[in-house]
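Read the structure below first, then the notes.
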Amino acid sequence: MIDLHCHSNCSDGTDSPKEIASLAEQAGLKAVALTDHDTIAGLGDFTAQQKYVSTQLLTGIELSCEFSGQEIHILGLLINHNDPTFQERVNGLGLRRQRRNAKIIQKLANIGIDICPESFFEEKRLGVLTRAHIAQKIIQDGYAFSKAEVFHKYLGIDGIAYVPFETLSPEIAFSWIRESGGVSIIAHPARYGQLAKGQFIWDRAMADLKDMGAQGIEAYYSDHSDTETAYFLRLCDTLDMIPSGGSDYHGRVKQGCHLGTGWGKLNVPDEVLDRLRFCSFQSPSGF
Ligand SMILES: [Zn+2]
């Protein structure tokens, strides 16, 4: 069993990269990829653990992009995180996020909500600050009772402190991943549309994304039903794309979702990795 999608506390998970490596070993996984949101900050610590564990520790990232007016996530697996060009590009994304956060915090301050982010974020030792973290702080300070309320009143699209994300196009994400020797996978596809009479309405979209440079689809995923998994595996066949899979493990913030098995039933076959590796060797700087 392998797991090609999980998050550490370098983005919005709760375990350190080092803890993820040992958890994967305990779970008996053959391989695990760390795929933090828009950052590769954890990959150095993570891969340094390779000498202590038999589970193969693989590099990855999850990039947020905009496609057809909605946010989609693209996994870059087997990327070379030591490639200076890739590092520079990803650091630029961090700055984009920081600019957005600064605007959100300013808007909140304008309506009298001073969330003093620095101390909170230092205490959490965050690599990437997301809206989920800001929401947590707003609740902690007593300005709202629930995450839903925070997003409704403040951070969501109709909220007082809403700031749109400066978007990254899928084409750019695909080329960055490919140029750093990685393989591009469309993450959790079922989240983007509905299954209607066995026909996923994003069929055409997946074909378009493939034309732009996507190489695979995350067919095996914690939240997928058996029907959805079977459907996406068939779609991979039809479009000649690679099926990938992972739990999207986040540690304590997703209680009950485990590395490797997800909510209990996930079992990503080892062969998935062979195809990914083959594809990564075809990349310009495949390693
Ligand atoms: Zn994820």
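Compute the relative contact order of the chain as a whole-number percentage, counting only Cα pairs closer than 8 Å that sit 6 or more residues apart in sequence. The partial results should precede the final answer.
Details: 555 pairs, mean separation 62.1, N = 287.
In percent, rounded to a whole number, it is 22.
Given a 1.4 Å probe, how much area per residue of the range 3-129 is accessible, in Å²?
43
Pairs of lysine residues in the chain that meet both criteria, 8 or more places apart or on different chains and Cα atoms under 23 Å apart, total 23. Dimensions of the range 195-278 from C-alpha coordinates, computed as largest minus smallest value along each principal axis and given longest first, are 37, 34, 19 Å. Largest to smallest in accessible area, the residues SER22, SER11 fall in the order SER22, SER11 (1.4 Å probe, all protein chains included).
Starting from the Kirkwood radius over alpha-carbon pairs of the chain, derive D by Stokes-Einstein at 25 °C in a medium of 0.890 mPa s and give it in µm² s⁻¹. Before the final figure, lay out the partial values.
Working: Rh = 19.5 Å.
Result for D is 126 µm²/s.
Report in % the part of the accessible area of the chain that belongs to carbon and sulfur, leaving out ligands and nucleic acids; probe 1.4 Å. Its accessible area is 51 percent carbon and sulfur atoms. A 1.4 Å probe run over the range 131-256, with the rest of the protein chains in place, finds 46 Å² accessible per residue.
The values are calculated or read from the model by the stated rules, or taken from the named source; none is laboratory data. Keep in mind that this is a model prediction, so the values were computed, not measured. Surface areas here come from the heavy atoms of the whole protein model, side chains and all, with no ligands, DNA or RNA. Shrake-Rupley method; radii C 1.70, N 1.55, O 1.52, S 1.80 Å.
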